[in-house]
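Notes to accompany the following structure.
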Amino acid sequence: MDERPDSAPRAAGAGTEAAVGRPLDRRAELSEFLRTRRARLKPEDVGLPDFGRHRRVPGLRREELAQLAGVSVAYYTRLEQGNGRNVSAEVLDAIARALRLSDAEHAHLTHLAKPKHKKRQAARPQQVRASLRQLLDTMDAVPAYIVGRRSEILAWNRMAAALFGDWSELPAAERNWARMVFLRPEYRDLFVEWEQKAIDIVCALRMDAGCYPDDPRLSALVGELSVKSEEFRRLWATHDVKEKNHGVKRLRHPLVGELALNFEGFRLAGDTDQSLVVYHAEPGTPSAEALRLLASWGTDASRAGAQDRSPSV
C-alpha cells in the first residue's frame, strides 16, 4: 500500500512545526525527501508499464521504486519511514539512480541517511580570514561577498553594498539572504526573478539542514520564516535541494535600472561552508555601464537607493 503509515514521521518545517530552536528531525527529513522524490516520477519515466490503475498517491509506488533499486519492499519502506540506520552506500547509490537524483540530491540523501556528527562545527562561529577580507577590498570593480551556512552574509566589498544595499547598517542577525529575500520588501523589488532567487535560497538551506540537522540557529531560522512567510513554507515543503554556483541574475536597481549580471560562486579552501560569490557584466553592455556608475557612487548608491524607495510624504 502506498499510503504513508500514520506512524511515519512528519517533516519538521513542512509547515510551522519547526519551532524556534527545535532541532530538525533527521528521520522526518529523510522520510519526506524520499517520498517527494518518488512522487515526482511516473512509471513511464523509468521504463515501467502503467496499466492505468487508480493510484492512491502521485508518482511511483514503493514496490516499483524498490524493484528499480533492487531492494526488498520492506527494506525500502523502512528507509522511507526514516530508518536509515546501517544502510550501505551501495544501496543509497542504487536508490539515487532509481529516483534519478541529481548530484546535489544524492549528496543530500547520503547526509540524511548516514549523518556525520557536526554538532561542534555547527555551533562554532563563522570567521572570515583577514586575507579574504583584504581580497574583497581589492575587487573594486565588481560586487563580491562571502556567504556561509544558513545563507549568512559574512563579508562583502564596497560594490556589493552599492548593488544590494549597505549591509553594515543591518544588525548582524539580519545579514542573511533568507531573511532579506522573504521578509524585506525591497529585495522583492530588487530581484526581477524574485521567485527563482527564493527557490535557490530554500534549496541551499535544505542542503544545510541535511549536513547540520542539529544546528539550533538553522532550526530557529526555519521556524521564524515558516511563521512569517507563507511563500517560504510552500517552498520548504517541496524538499528540493540543489547547488547553484553560477548563472545570471537580473536586478532592478533604483538608481541605474535593470542589470543582467553573471555570477560565479567558489567554495573556499579550508572552509567549504563558505563561498565567495562574484557578480560581473558582459563588457560593452548597458549592465557594464550601470556597474561603472554604481562604482562611482560607492556605498552612497545604497543610501540614495533607499531614499528613492521611500514613500513620499
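The values are calculated or read from the model by the stated rules, or taken from the named source; none is laboratory data. Values in this document were obtained by computation on a predicted structure and should not be read as measured data. With ideal geometry, Cβ positions are generated from the backbone for all residues, glycine too; neighbour counts draw on all protein chains shown.
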Failed criterion for Ala96 (all others in (1) assigned to a strand (DSSP E or B); (2) touching a His at 6+ places or on another chain (Cβ under 6 Å); (3) among the small types (Gly, Ala, Ser) hold): (1)
Residue count, region 122-133 (criterion: exposed (fewer than 14 other Cβ atoms within 10 Å of the Cβ), modelled with pLDDT under 90 and assigned to a helix (DSSP H, G or I)): 1
Region 172-187 residues that are not assigned by TED's automatic domain parsing to the domain that holds Glu231, paired with ones that are surrounded by fewer than 21 Cβ atoms within 10 Å (Cβ to Cβ) and modelled with pLDDT of 95 or more (beta carbon under 7 Å, 6 or more apart): none
Neighbours by Cβ (under 8 Å, 6+ apart or cross-chain): first from region 58-78, within 19 Å of Glu32 (Cβ to Cβ) and in the same structural domain as Ser31 (by TED's automatic domain parsing); second among the aromatic types (Phe, Trp, Tyr) and surrounded by fewer than 17 Cβ atoms within 10 Å (Cβ to Cβ): Ala66/Tyr75
Residues located in region 218-230, provided they are surrounded by fewer than 17 Cβ atoms within 10 Å (Cβ to Cβ) and either free of Cβ contacts under 8 Å to residues at least 60 places away in the same chain or within 15 Å of Asp273 (Cβ to Cβ) (or both): Lys228, Glu230
Subset of region 1-42 (residues that are over 20 Å from the mean Cα position of the chain (by Cα), assigned to a loop (DSSP other than H, G, I, E, B) and modelled with pLDDT of 50 or more): Leu41, Lys42
Unmet requirement for Leu154, which otherwise passes all of (1) touching a Phe, Trp or Tyr at 6+ places or on another chain (Cβ under 9 Å); (2) outside any helix (DSSP H, G or I); (3) not assigned by TED's automatic domain parsing to the domain that holds Ala295: (3)
Test result for Ser296, loosely packed, with under 14 Cβ neighbours inside 10 Å, among the small types (Gly, Ala, Ser), modelled with pLDDT under 95 and not assigned by TED's automatic domain parsing to the domain that holds His108: yes
Region 43-91 - residue that is of a type outside the set (Gly, Ala, Ser), closer than 16 Å to Leu109 by Cβ and loosely packed, with under 12 Cβ neighbours inside 10 Å and, of those, modelled with the highest pLDDT: Glu90
Filtered residue count, region 254-264, keeping only those that are in contact (Cβ under 8 Å) with a residue 24 or more places away in the chain and either within 16 Å of Trp156 (Cβ to Cβ) or not assigned by TED's automatic domain parsing to the domain that holds Arg149 (or both): 1
